[in-house]
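Worksheet for the structure shown next.
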Amino acid sequence: MPENTKDNQIKQAPASMSFGGGDRRRRDNRPPRAPEEKQFDERTLHIDRVARVVMGGRRFRFRALVVVGDHKGRVGVGISKGADVSTAVSKASEVAKKKMIKVALYKDTLPHEVETKVGGARVLLKPASAGTGLIAGGAVRSVLEVTGVANALSKSLGSSNQVNIAYATVDALAQLVPAKDWVTKASKAGSQQKTATSKQPEPKKATTKKPVASKPKVTKPAAKTTKTSTKGKK
């Protein structure tokens with residue numbers, strides 16, 4: 001008979017029990033929940049501490065700038081304040097999700113060149129060929145990445161304020177027009193031809209007039225006229 005020692009009790013323990021590791025299952029034998037996949041890519045661009053002067057001193061809070069995108073042409077930027085950093089970031093992400101826009105992309109790049117200005121920030125975006133990558137930095141790069149742009153050229157020509165640069169980049173993306181909606185010489189000629197054909201008068205249909213029955217002419221008798229002879233009276 002083996003001795004009933006502590007080592008033997010540990011060896012004879014059931015597999016469901018674990019000492020410091022092993023298979024940790026729930027008591028109701030339910031499988032562990034799989035981690036939920038995030039629908040949007042949230043990135044914090046800038047966090048700043050702001051102060052409000054009140055009676056008796058200053059009240060400090062935090063301001064967060066967050067960009068949200070799905071890498072499929074949707075992007076939004078939000079800014080909000082909170083008592084702590086986590087509160088400010090969560091509130092800013094909710095604001096960004098409410099202000100998301102749809103961007104017209106063309107083969108992982110931009111359909112055309114665009115330039116916008118917001119406040120003192122001026123951002124220039126240009127399309128690039130495949131394999132170029134993102135030639136951008138700071139807030140512009142983060143916004144383009146979460147939007148789904150893989151090849152593009154950019155340049156910040158104005159202020160270095162991260163908030164204005166982020167909003168200027170989103171404004172530039174919102175002004176992109178897909179190639180099918182471009183106004184070119186060919187599209188102008190086609191539209192003019194369509195308008196010309198629509199303005200041409202339609203040919204009149206030949207109508208056959210029905211014969212009208214002629215009414216018999218009624219001859220009225222000539223009225224008798226009495227001639228009065230006027231002779232000079234003496």
Hey, what's the range 119-178 come to in accessible area per residue, 1.4 Å probe, Å²?
39
Length gain on complete extension for the stretch K117 to D84, per 0.36 nm per residue less the alpha carbon to alpha carbon distance?
8.7 nm
For the range 54-95, count all C-alpha to C-alpha pairs, find those more than 17 Å apart, and express that count as a whole percent of the total.
41
Over 26 Å between Cα atoms: which of K38/K91; K38/K107; K81/K126; K102/K155 fall into that group?
K81/K126
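Translational D (Stokes-Einstein, µm²/s) of the range 78-127 at 10 °C and 1.306 mPa s when Rh comes from the Kirkwood sum over C-alpha pairs?
In µm²/s, the coefficient is 118.
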Between F60 and K126, what is the spin-label point distance in nm, taking each point 7 Å from the Cα along the Cα→C-beta axis?
4.4
Quick one: net charge around A128, please, counting Lys, Arg +1 and Asp, Glu -1 for every other residue with C-beta under 12 Å from its C-beta.
0
With every protein chain left in place, what is the accessible area of L157 in Å² (1.4 Å probe, nearest 10)?
80
Multiplying the sequence separation of K72 and Q39 by 0.36 nm and subtracting their Cα-Cα distance, what value in nm do you get?
10.8 nm
Once you charge only the Cβ atoms, +1 for Lys and Arg and -1 for Asp and Glu, what is the size of the charge dipole of the range 97-178 about its Cα centre, to the nearest 20 debye?
220
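The values are calculated or read from the model by the stated rules, or taken from the named source; none is laboratory data. Worth saying up front: this structure is predicted, and the values here are computed from it rather than measured. Every residue, glycine as well, gets a Cβ built from its backbone with ideal geometry; the counts of neighbours run over all protein chains shown. Please note that ligands, DNA and RNA were not included when accessible areas were found on the heavy atoms of the full protein model with its side chains. Shrake-Rupley method; radii C 1.70, N 1.55, O 1.52, S 1.80 Å.
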